[in-house]
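Every read-out reported here was derived from the displayed coordinates using simple, explicitly stated rules and does not represent laboratory data. This is a predicted model, so every value here is computed, not measured. Methodologically, a virtual Cβ is constructed for each residue, glycine included, from the backbone with ideal geometry; neighbour enumeration extends over all protein chains shown.
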Amino acid sequence: MHVIVTGGSSGIGLAIAKIYASRGDRVSLLARHPGRLAEARAEIASLPGSDSAWVQTASVDVASADQVSASIESCEVSFGPCDILIASAGIVEPGTFDTMPPSVFDEQVSTNLLGTVNVVRAVYRGMKSRRGGKIMVISSGAALIGIFGYTAYCASKSALSGFVEALRAEAGIHGIQVSICFPPDTLTPQYRREIVVRPAEAEILMGSVRPWSAETVAARIVRGVDRGRAKAHFGFSLAVLAYFGPLIKPPLMWWFSRKTRKIAGKSRPKPAEGADEGFYHDK
């Protein structure tokens with residue numbers, strides 16, 4: 001079996017690749033950084049049950065449709081048609097909407113949404129002709145609710161839900177399984193970079209839940225693929241939010257709004273003596 005994993009040089013993607021490699025599957029890792037890919041390949045090759053001859057890498061920016069098409073074509077020439085695609089590549093750069101440079105916003109949409117579309121497109125025609133294949137799109141728990149400081153990330157990840165739902169309607173008649181999952185905060189190199197610049201307001205919603213390990217998240221994703229699940233959620237709170245969001249989110253966002261106003265009030269400069277303080281009063 002040939003498994004292609006984007007974002008496979010670290011984090012959840014690498015953890016997933018390790019599972020499939022340990023099963024004896026052929027694994028292709030796609031990511032941007034050649035050095036990290038080389039390290040990932042060596043790490044996988046050292047695992048019991050894996051064979052270095054069945055692990056290959058390709059340096060590619062998933063936001064480029066041409067690069068993706070060429071890389072996946074090369075991978076399929078070496079290891080055969082793609083049986084399973086894990087679309088894991090993604091980036092996050094927190095920041096309030098008005099302070100975020102357009103290039104930073106656009107990059108997150110290009111990588112997280114269009115990058116996923118590009119890799120799915122690259123394997124879809126072959127799966128359709130063979131009338132079989134599995135696609136797992138990795139979204140985020142941030143797709144389930146708007147989070148302060150994550151306008152670009154929430155937009156790009158929530159858009160994947162609509163894409164997958166529509167694609168599943170088309171793909172099912174051709175024997176292709178299309179799934180999506182919504183991981184929580186996960187202990188990855190990207191998470192460790194992100195948490196340093198995460199806004200305090202976002203911590204109100206996100207910081208109360210301990211991050212999951214990449215290995216635990218990966219195991220649940222692979223199990224979801226094995227069992228043909230259309231969606232995979234992680235933990236009670238995210239599952240409830242996914243299924244009962246329309247009921248839960250209005251009071252939750254009202255509570256969140258009150259909390260963020262308090263934070264904003266504390267961060268405002270103290271008015272000069274004798275000035276009108278009404279503007280700064282936190283109601």
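Name, by its number, the condition in (1) surrounded by fewer than 18 Cβ atoms within 10 Å (Cβ to Cβ); (2) more than 14 Å from the chain's Cα centre (by Cα); (3) not in a loop (DSSP other than H, G, I, E, B) that does not hold for Val178.
(1)
Go through region 81-115 and count every residue that is in a helix (DSSP H, G or I), touching a Gly at 6+ places or on another chain (Cβ under 8 Å) and of a type in the set (Val, Ile, Thr).
2
Return the residues of region 224-265 that are part of a helix (DSSP H, G or I), under 19 Å from the mean Cα position of the chain (by Cα) and in contact (Cβ under 8 Å) with a residue 60 or more places away in the chain; say none if nothing qualifies.
Gly224, Val225, Leu238, Leu241, Ala242, listed by residue number.
Among Gly24, Gly49, which is touching an Asp or Glu at 6+ places or on another chain (Cβ under 9 Å), without any contact (Cβ under 8 Å) to a residue 60 or more places away in the chain, surrounded by fewer than 14 Cβ atoms within 10 Å (Cβ to Cβ) and closer than 22 Å to Thr216 by Cα?
Just one listed residue meets the conditions, Gly24.
Looking at Cys75, Cys82, which one is within 24 Å of Phe182 (Cα to Cα), surrounded by 15 or more Cβ atoms within 10 Å (Cβ to Cβ), touching a His at 6+ places or on another chain (Cβ under 9 Å) and in contact (Cβ under 8 Å) with a residue 40 or more places away in the chain?
Values: Cys75 fails: within 24 Å of Phe182 (Cα to Cα).
So the residue among Cys75, Cys82 that is within 24 Å of Phe182 (Cα to Cα), surrounded by 15 or more Cβ atoms within 10 Å (Cβ to Cβ), touching a His at 6+ places or on another chain (Cβ under 9 Å) and in contact (Cβ under 8 Å) with a residue 40 or more places away in the chain is Cys82.
Does Ala38 fit the bill of being touching a residue at least 12 places away in the same chain (Cβ under 8 Å) and closer than 20 Å to Ile138 by Cα?
no
Does Arg125 count as closer than 17 Å to Gly7 by Cβ and either in contact with a Lys or Arg (Cβ under 7 Å, 6 or more places away or on another chain) or not in a strand (DSSP E or B) (or both)? It would help to see each step written out before you state the result.
On the way: closer than 17 Å to Gly7 by Cβ: no; either in contact with a Lys or Arg (Cβ under 7 Å, 6 or more places away or on another chain) or not in a strand (DSSP E or B) (or both): yes.
Spelling it out, it is not the case that Arg125 is closer than 17 Å to Gly7 by Cβ and either in contact with a Lys or Arg (Cβ under 7 Å, 6 or more places away or on another chain) or not in a strand (DSSP E or B) (or both).
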